[in-house]
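Asks: Quick one: the structure is below, questions incoming.
The values are calculated or read from the model by the stated rules, or taken from the named source; none is laboratory data. Fair warning: this is a prediction, and the values are worked out from it, not measured in the lab. Cβ coordinates were reconstructed from backbone atoms using ideal geometry, including for glycine residues, and neighbour counts include every protein chain displayed. Protein only, heavy atoms only, side chains kept; ligands, DNA and RNA dropped before computing areas. Shrake-Rupley method; radii C 1.70, N 1.55, O 1.52, S 1.80 Å.
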Amino acid sequence: RKEVEQDPGPFNVPEGATVAFNCTYSNSASQSFFWYRQDCRKEPKLLMSVYSSGNEDGRFTAQLNRASQYISLLIRDSKLSDSATYLCVVNPRGTVTGGGNKLTFGTGTQLKVEL
Amino acid sequence: GAVVSQHPSWVICKSGTSVKIECRSLDFQATTMFWYRQFPKQSLMLMATSNEGSKATYEQGVEKDKFLINHASLTLSTLTVTSAHPEDSSFYICSANSVLSSYEQYFGPGTRLTVT
């Protein structure tokens, strides 16, 4: 089983739609969770961290379900500029150590927002 | 925000040659730098973790003698792909942890390596 699993898509949605992505992780001890966005041939950029209480940033809402080891990202009123690959990222180590934090990336879910 | 640069942005080299990629944290000191590789339509795969002044820790399956990592200062890490072959063609991305914020990683823009 992969450490972080995502549906690769692509998801083709019309502009203005609401779309949700899911992700599952295998290491129950993981403590830090993130959503990154990666545009074609570019580096990943942090979209938002994910907290147990859920968090919202504008049109984006992230949720974490520790019991099910499941993370979600909801995008409301999607824009053409939201077209990208969304990466679910987990820090399996869970705690800060002298060696820094290793991140495990999912394969990403591709979103295409169309007119 | 924290900025990480990588040079070169892209490189084309012949099989058998060695290529050095630099990763710099421009406005912060990085305790740890990470090197990733990404093949087309695949996820980022961590190759190694590098701490300033010590040997890098390589992930399983990554040849340390082929991918030489040097982390000489708190702002610079280098990855040298030795005796490159076409199968080493990939997108190489570095990231860095700030000494001030251990959870967030800042990514460089990546280096696209093509070995002919």
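Asks: Within region A:25-43, which residues are modelled with pLDDT of 90 or more and not hydrophobic (A, V, I, L, M, F, W, C)?
Replies: The answer is A:25, A:26, A:36, A:37, A:38, A:39, A:42, A:43.
Asks: Can you find a residue in region A:68-83 that is at pLDDT below 90 and on the phi > 0 side of the Ramachandran plot?
Replies: Checked against the condition, which is being at pLDDT below 90 and on the phi > 0 side of the Ramachandran plot, region A:68-83 yields no hits at all.
Asks: Could you list, in sequence order, all residues of region A:8-24 that are over 18 Å from residue A:60 (Cβ atoms), modelled with pLDDT under 95 and under 14 Å from the mean Cα position of the chain (by Cα)?
Replies: The one that is over 18 Å from residue A:60 (Cβ atoms), modelled with pLDDT under 95 and under 14 Å from the mean Cα position of the chain (by Cα): A:8.
Residue-by-condition table, conditions (1) at positive phi; (2) surrounded by fewer than 18 Cβ atoms within 10 Å (Cβ to Cβ); (3) within 11 Å of chain A (Cβ to nearest Cβ); (4) touching an Asp or Glu at 6+ places or on another chain (Cβ under 6 Å):
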| site | (1), (2), (3), (4) |
| --- | --- |
| B:6 | no, no, yes, no |
| B:9 | no, yes, yes, no |
| B:22 | no, yes, no, no |
| B:41 | yes, yes, yes, no |
| B:44 | no, no, yes, no |
| B:53 | yes, yes, no, no |
| B:66 | no, yes, no, no |
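Asks: Moving on to the next point. Quick check on region B:69-95: of everything there that is open to solvent by less than 20 Å² (accessible area, probe 1.4 Å) and either at pLDDT below 90 or among the charged types (D, E, K, R) (or both), which residue is farthest from residue B:43 (Cα to Cα)?
Replies: Going through the qualifying residues, I end up with B:71.
Asks: Having 2 or more residues that are away from every other protein chain (no Cβ under 12 Å) and polar (S, T, N, Q) is the bar; report the strands (runs of 3 or more DSSP E) wholly within region A:14-115 that clear it.
Replies: In region A:14-115, A:19-25, A:60-65 are the strands (runs of 3 or more DSSP E) which contain 2 or more residues that are away from every other protein chain (no Cβ under 12 Å) and polar (S, T, N, Q).
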